[in-house]
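Beneath this line is the structure, given in structure tokens, with notes to follow.
The values are calculated or read from the model by the stated rules, or taken from the named source; none is laboratory data. These numbers come from a predicted model, not from an experiment. Ideal geometry is used to build each Cβ from the backbone, glycine not excepted, and the neighbour counts take in all protein chains shown.
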Amino acid sequence: MTGRAQLATISLAAYAAFIATVVIMPFLKDAYSPIDETISEGAIGEHAWVQTAGFFALAAASLGISWLLYGERESRPPIAVTAAVLAFSTVFTVALAVVPTDAPGEDTSGGAVHVAAAAFAFLVAIAGILSATVTFRGHEVLARLTTWSLIAGLAALALLAVTGLGVEPSGVWQRATVAVEVLWFVSVGVVFLAAERSPREQLIAT
């Protein structure tokens, strides 16, 4: 397995770890509702460390995909822009992991920092996804993701707007936004893995 394939595999495993924390938190925390409460609210109080670890896994996974994209800059230089934007989004993911959100009824400066970091993490990642509609064009492998990048970017932006407007149930809309973004990152990782296997399969076939 090449270094690129290893990094793609590790990144996909880290995404799986993040998804697992989101799924199990309602079973670990009493009275925690994934419908009405955001993912961040799972990172406060009882078993908070589990969701916090999930956020760090998310940041590591996204950074891994960003590095894979940066490695394609020689064959398609504009991809470096998308890689840089996506990598920058992980800074805010780390920030929201380090600074927890407010508990219900609280209004602290730390909570405000968390909300701002989460908003920037979403927006910067969406900007990176949308930029791929241009930067991926002409690339031998990633070009197939240009249309999907447009769909995913616009869908995530629309869902984020609904979340920001406070439309209930807030937990559902926020999770849908995260799901679209994560699915896009995962699709990039899968494409890299598929590209690594293709030459080997062609060699076996001959």
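Could you check Trp184 against (1) buried (at least 19 other Cβ atoms within 10 Å of the Cβ); (2) over 18 Å from Ala60 (Cα atoms) and say which number it fails? Result: Trp184 passes all but (2). Residue pairs whose Cβ atoms lie under 7 Å apart, separated by 6 or more positions or on different chains, with the first residue in the range 144-165 and in a helix (DSSP H, G or I) and the second modelled with pLDDT under 95, are Thr163/Ser170. Taking the range 139-156 as the range and being of a type outside the set (A, V, I, L, M, F, W, C), under 20 Å from Ala80 (Cβ atoms), exposed (fewer than 15 other Cβ atoms within 10 Å of the Cβ) and modelled with pLDDT of 95 or more as the test, only Arg144 passes. Of Phe122, Phe136, all but one fail to be aromatic (Phe, Trp, Tyr), surrounded by 20 or more Cβ atoms within 10 Å (Cβ to Cβ) and either within 23 Å of Ala176 (Cα to Cα) or modelled with pLDDT under 95 (or both); the exception is Phe122.
Does Pro34 satisfy being of a type outside the set (Asp, Glu) and in a loop (DSSP other than H, G, I, E, B)? So Pro34 fits the description; yes. Taken over the range 37-49, the criterion of being part of a helix (DSSP H, G or I) and within 17 Å of Trp173 (Cβ to Cβ) is satisfied by Ile39, Ser40, Glu41, Gly42.
Restricting the search to the range 159-192, which residues are in contact with a helix residue (DSSP H, G or I) (Cβ under 7 Å, 6 or more places away or on another chain) and β-branched (Val, Ile, Thr)? Within the range 159-192, Val162, Thr163, Val167, Thr177, Val178, Val180, Val182, Val186, Val188, Val191 meet the criteria. Testing Glu74 on (1) surrounded by 19 or more Cβ atoms within 10 Å (Cβ to Cβ); (2) assigned to a loop (DSSP other than H, G, I, E, B), one condition comes back false. Which one is that? It fails just one condition, (1). Tyr32 falls short on exactly one of the conditions (1) modelled with pLDDT of 95 or more; (2) in contact with a helix residue (DSSP H, G or I) (Cβ under 6 Å, 6 or more places away or on another chain); (3) among the hydroxyl-bearing types (Ser, Thr, Tyr), and that condition is (1).
Per the conditions (1) surrounded by 15 or more Cβ atoms within 10 Å (Cβ to Cβ); (2) farther than 26 Å from Ala31 by Cβ; (3) of a type in the set (A, V, I, L, M, F, W, C); (4) over 16 Å from the mean Cα position of the chain (by Cα), the sole criterion not satisfied by Ala127 is (4). Pick from the range 77-105 the residues that are in a helix (DSSP H, G or I) and of a type in the set (S, T, N, Q): which of them is nearest to Met25 (Cα to Cα)? The selected residue is Thr93.
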